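Q: Please see the structure below; I have some questions.
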Amino acid sequence: MTLSCFDLGERMLPVAEARARLVSLVETPLPAERAALGELHGRVLAEDIVSPIDVPQNTNAAMDGIALAWPADDERPDAWRISGEVLAGSRRDEALAKHECVRITTGAPLPQGADTVIMLEQLEARGETVVVHQPDGVRRGQHVRQAGEDIPRGRTALRAGTRLGAAELGLLASLGIAVAKVYRRPRVAIFSTGDEVTAPGEPLPSAGIFDANRYTLAGLLAEQGAELLDLGILPDDRQAMIAALTDAAGRADLVVTSGGVSVGHADFTRAALEAVGRLAFWRIAIRPGRPLACGLLGERDVPFLGLPGNPVAVMVTFLQFVVPLLFKLQGRPMHVPTRLIAVADESLTSRLGRTDFLRGRYHIDADGRLHVVSTGAQGSGILSSMVAANCLIELTDDLAGAAPGETVSIQPLYRLP
């Protein structure tokens, strides 16, 4: 790897450098496999998709009406002879004669010689003929979809590295592609530790906390297309923890946890991790989320990330540092967070030399401009602030804050519709 996680000493890392160094933990994407069309949602293409056909396959009608060869002004007949009908799913091989037309439905291929479709509302039937009203408004080629106008045969329809959503699945189906080569889903092991951590549904001890972070991480990983290996809550037993981590390092492509591995935290988790692999402890110039552990586990050098323990810090550091790793594992282009510019509607506080991510809510005003406010209290343990937020307000390390009316950078958060 070109950048190392293990030679940084005690210096404070800027967010961009930390992101670049963490991505270097992954050297190559995961192996590819072939999957059926019905199983491709959320997967990432491992090869370009080249169209085997023209889309649309035939030059066809864009609406119901008649298809004909539209003549010059001085050659128009008073009425057109109807010589047949072409429905979607059928075709007419016989060419049109002069001043002939066919009735046609949307999507039906135009017969040979036809170049124009005139919609029903502009027609008057008279026995075996039809009259075109307002002919001066007709333009040759109107209401016609040309063969290959969407995607011509031989053109790259989708690039390798594309994550497949509903639109992409529809496109693959329209090309007749039933199987595609995709990268294997990243297998990500997560676990929680600590005597104070209690599984939801169990009685909560007086000094306990429910295990929120593991479920938060599970949701975030699902959104990124990962396959979850949930190790649960590991006991405070060094040998049991080493066994669980060794097993995870043998099966997972990435191991992620939160809390319990920060600098100076002498517990079973850190000792077990160091027994299974190599660890480094970082201080990142970010709020929330300054402490972060990273490393490589087992004989396969499986990347490991130890995120901060506070719930909001877990989500913020996942989005900034884990997502780029998952992109690289899946062969996707280098991840750069989506950023928009919004007007701050209130004072926002930060500190020079540190990147702050405030939970915020943005909206669009009547003039189409984005505005943003914070969700209120910004403590890193206030998980409800992430529920209320639809974006992160990014105050970079060259800003001491923002005054009302100044513009700031925001990162929209993914939310289920």
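FYI, it's all coordinate maths here, none of it is from the lab. All values reported here derive from a predicted model rather than from experimental measurement. Ideal geometry is used to build each Cβ from the backbone, glycine not excepted, and the neighbour counts take in all protein chains shown.
Q: Quick check on the chain: of the DSSP beta bridges with both residues there, what percent are antiparallel, nearest 5%? Mind dumping the intermediate values first?
A: Numbers: 59 of 85 bridges.
In the chain, DSSP labels about 70 percent of beta bridges as antiparallel.
Q: Could you grab the relative contact order for the range 184-247? Cα pairs under 8 Å, six or more apart, rounded to a whole percent.
A: Working: 81 pairs, mean separation 28.0, N = 64.
About 44 percent, as a whole number.
Q: Then there's this: If you take the charge dipole of the chain about its Cα centre, with +1 on Lys and Arg Cβ and -1 on Asp and Glu Cβ, which of G137, A402, A275 is farthest toward its positive end?
A: So the residue furthest toward the plus end is A275.
Q: So what is the calculated 222 nm ellipticity per residue for the chain, using -39500 (n - 2.57) for each DSSP H run with n of 4 or more, over all residues, to the nearest 500 deg cm²/dmol? Let's see the in-between values first.
A: Numbers: 8 runs with 72 residues, N = 417.
Here the helix-only value at 222 nm equals -5000 deg cm²/dmol.
Q: What residues from the range 185-216 fall in the zone where the backbone N is under 19 Å from a label point 7 Å along the Cα-to-C-beta line of A271?
A: 192-197
Q: Would you mind calculating the gained length between L413 and T396 on full extension (0.36 nm times residue separation, minus the Cα-Cα distance), in nm to one decimal? Let's see the in-between values first.
A: On the way: separation 17, 0.36 × 17 = 6.12 nm, distance 1.78 nm.
Answer, rounded to one decimal: 4.3 nm.
Q: Separate question: By count of other Cβ within 10 Å, fewest leading, how are I66, I209, I82 ordered? Mind dumping the intermediate values first?
A: Details: I66 25, I209 15, I82 18.
Fewest-to-most Cβ neighbours within 10 Å comes out as I209, I82, I66.
Q: How would F321, F304 line up from fewest to most surrounding beta-carbon atoms within 10 angstrom?
A: Working: F321 23, F304 29.
Fewest to most other Cβ atoms nearby, the residues stand as F321, F304.
Q: I would also like to ask the following. Roughly how many nanometres apart are two label points built 7 Å out from the Cα toward the Cβ at H133 and M119?
A: 1.3
Q: Now for a separate question. With +1 on each Lys and Arg Cβ and -1 on each Asp and Glu Cβ, and nothing else charged, work out how big the dipole of the range 103-235 is about its Cα centre, in Debye to the nearest 20. Mind showing how you got there, number by number?
A: Values: 14 positive and 15 negative charges, 164 e Å.
Once rounded to the nearest 20, the dipole reads 780 debye.
Q: Ok, one more. Please order V26, V343 by the number of other Cβ within 10 Å, starting at the fewest.
A: Details: V26 20, V343 16.
With the sparsest Cβ surroundings first, the list reads V343, V26.
Q: Give me the one-decimal Kirkwood hydrodynamic radius in Å for the range 340-412, with the sum taken over alpha-carbon pairs. Working shown, then result.
A: On the way: mean 1/r = 0.0824 Å⁻¹.
Across the range 340-412, the inverse of the average 1/r is 12.1 Å.
Q: Pick from G201, G309, G65 the residue whose mean-square fluctuation is largest in a GNM of the chain, springs joining Cα atoms under 10 Å.
A: Comparing G201, G309, G65 in the GNM, the peak value goes to G201.
Q: Obtain the nm distance between the two label points defined at A167 and A20 by a simple spin-label model: each point lies 7 Å from its Cα along the Cα-to-C-beta direction.
A: In this crude spin-label approximation the distance works out to 3.2 nm.
Q: Given an 8 Å cut-off on Cα distances and at least 6 residues of separation, report the relative contact order of the chain as a percent. Don't jump to the answer; show the numbers that get you there.
A: Numbers: 923 pairs, mean separation 66.9, N = 417.
That works out to 16 percent.
Q: Relative to the compact-globule scaling 2.2 N^0.38 Å, provide the ratio for the alpha-carbon radius of gyration of the range 60-145.
A: Working: Rg = 11.4 Å, N = 86, 2.2 N^0.38 = 12.0 Å.
The reported ratio for this selection is 0.95.
Q: Then there is this: Please name whichever of G127, L96, I66 sits farthest to the positive end of the charge dipole of the range 17-147, dipole taken about the Cα centre and charges placed at Cβ: Lys and Arg +1, Asp and Glu -1.
A: With unit charges placed on the Cβ atoms, the residue in question is I66.
Q: Related question: Any chance you could get the radius of gyration and Dmax over the Cα atoms of the chain, in Å?
A: Reported Rg and Dmax, both Å: 30.2, 94.
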